[in-house]
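The values are calculated or read from the model by the stated rules, or taken from the named source; none is laboratory data. As the structure is a prediction and not an experimental result, all values here were calculated from the model. Neighbour counts run over all protein chains shown; Cβ positions are idealised from the backbone, glycine included. Accessible surface is based on the protein model in full, side chains and every heavy atom, while ligands, DNA and RNA are left aside. Shrake-Rupley method; radii C 1.70, N 1.55, O 1.52, S 1.80 Å.
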Amino acid sequence: NPLDHEIAGEKAASLGRAGERVQSCLAALRASAPDDGDRTALVKSAAEAVYAYFIQRELCGLRRHQDVIRDYAIPGEVLARLGAS
């Protein structure tokens, strides 16, 4: 069905954009010093990006996030803002 194909393409594109945002936010966070005054905002931004990425993955049927957490090296301080322990 052409519509299903189009929807799958849009899901994949959206997932890719969300992943790029995660990479960008995590890079900015890693570049900051632990005592940087903007660090709290960077952690918040990274947590929002990761949360959006996880939601997009779930919409695509991908429910397990452990591999993503490892591959992106998502820090504990970001995961803690998502409620993870």
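Can you tell me the orientation of helix 2-31 relative to the chain, as the angle in degrees between its alpha-carbon axis and the longest Cα principal axis, to the nearest 10?
10
Return one whole number: the accessible area per residue of region 40-81 in Å², for a 1.4 Å probe.
60
Go ahead and run the numbers for FRET between GLU20 and ALA80, Cβ-Cβ distance against an R0 of 25 Å, rounding to 0.05.
0.60
Report the extension gain between VAL68 and ALA13 in nm, rounded to one decimal, defined as 0.36 nm multiplied by the number of residues separating them, less their alpha carbon distance.
Difference between extended and current length: 18.1 nm.
Could you work out the relative contact order of the chain? I mean the mean sequence separation of Cα pairs under 8 Å and 6+ apart, divided by the number of residues, in percent.
Relative contact order here is 33 percent.
Counting only protein heavy atoms, what percent of the accessible surface of the chain is carbon or sulfur at a 1.4 Å probe?
Here carbon and sulfur together make up 53 percent of the probe-accessible area.
Helix-only mean residue ellipticity at 222 nm, the chain, DSSP H runs n ≥ 4 weighted -39,500 (n - 2.57), per residue, nearest 500. What is it?
-25000 deg cm²/dmol, from helical runs alone.
Can you give the charge dipole size of the chain about its Cα centre, rounded to the nearest 20 debye, using +1 on the beta carbon of Lys and Arg and -1 on the beta carbon of Asp and Glu?
180
Label points 7 Å out from Cα along the Cβ direction at LYS44 and GLU6: separation in nm?
For the pair LYS44/GLU6, the computed spacing is 3.9 nm.
Taking Cα atoms, how many degrees apart are the long axis of helix 39-59 and the longest axis of the chain, rounded to 10 and kept between 0 and 90?
20
Which entry in [x] 1.76; [y] 1.16; [z] 1.21 is this structure's computed Cα Rg over 2.2 N^0.38 Å?
[z]
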